Each structure stands twice: as structure tokens, then as C-alpha cells.
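Written out below as C-alpha cells is the structure these notes cover.
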Amino acid sequence: MTTLTVSLPEALTVYLQEQIASGHYSTVDDYIQALIQHDKERRTHLEPLLLEGLASGDPTPMTTTDWTTIRSNVQQNLTDRSE
């Protein structure tokens, strides 16, 4: 395992300490590892999807019904996550 030294501004140090105190992470190491893992997942999953979307052709105009459906799906996803 590699040891790294990181300097943070006071505001980020306070935020980091709050995350540890909240119980979401046991240690600073756990938090940093989670951040790196999330970034890695985003790059390997999300970026190819974005590139695929960009390459899929010209956009089509959105309708009010489209936006209503999108909002409904997002709200349902948020509800599912909180359960």
C-alpha cells in the first residue's frame, strides 16, 4: 500500500471531519478511497455513455410530456434510493 500526504484548506478539512463524524466513513482513508472509487466508476461507466449520446445524432426537440416523464422518473429513482 502507498502512503500519500495531502494538504487541504481549512474548509475542506472541516468538511472531511464532518463526514467522518457523521458515520458515513470510518476513517479519512475510507473517505478518500470511496472518492477515488466513485471517480473511477464515473469514468468507466458514465463517460462512454456520454460519448455514445453525443455520437447518436442530432437532438430532437423535447416536449412538455417528455419533461414530465423525465421528472417523474427522477423522482421515482430518488424515492427508490431512500428506501
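The values are calculated or read from the model by the stated rules, or taken from the named source; none is laboratory data. Quick caveat: nothing in here was measured; it's all calculated off a predicted structure. As a convention, Cβ positions derive from the backbone with ideal geometry for all residues, glycine included, and neighbour counts pool all protein chains shown.
So here's what we get for this one:
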item: Which listed residue is among the polar types (S, T, N, Q) and modelled with pLDDT of 90 or more, from Ser82, Ser26; result: Ser26
item: Residue check, Ile70 under 15 Å from the mean Cα position of the chain (by Cα) and among the β-branched types (Val, Ile, Thr); result: no
item: Single unsatisfied condition, Leu46 versus (1) surrounded by 10 or more Cβ atoms within 10 Å (Cβ to Cβ); (2) modelled with pLDDT of 90 or more; (3) within 19 Å of the chain's Cα centre (by Cα); result: (2)
item: Gly57 vs. criteria assigned to a helix (DSSP H, G or I) and more than 17 Å from the chain's Cα centre (by Cα); result: no
item: Pair list, Cβ < 8 Å and 6+ apart or interchain, from the range 19-37 residues that are at negative phi to residues that are loosely packed, with under 11 Cβ neighbours inside 10 Å and not charged (D, E, K, R); result: Ile20/Ser26; Ile20/Thr27; Ile32/Val6
item: Residues of the range 18-43 satisfying the condition of being surrounded by fewer than 12 Cβ atoms within 10 Å (Cβ to Cβ), of a type in the set (S, T, N, Q) and assigned to a helix (DSSP H, G or I); result: Gln37
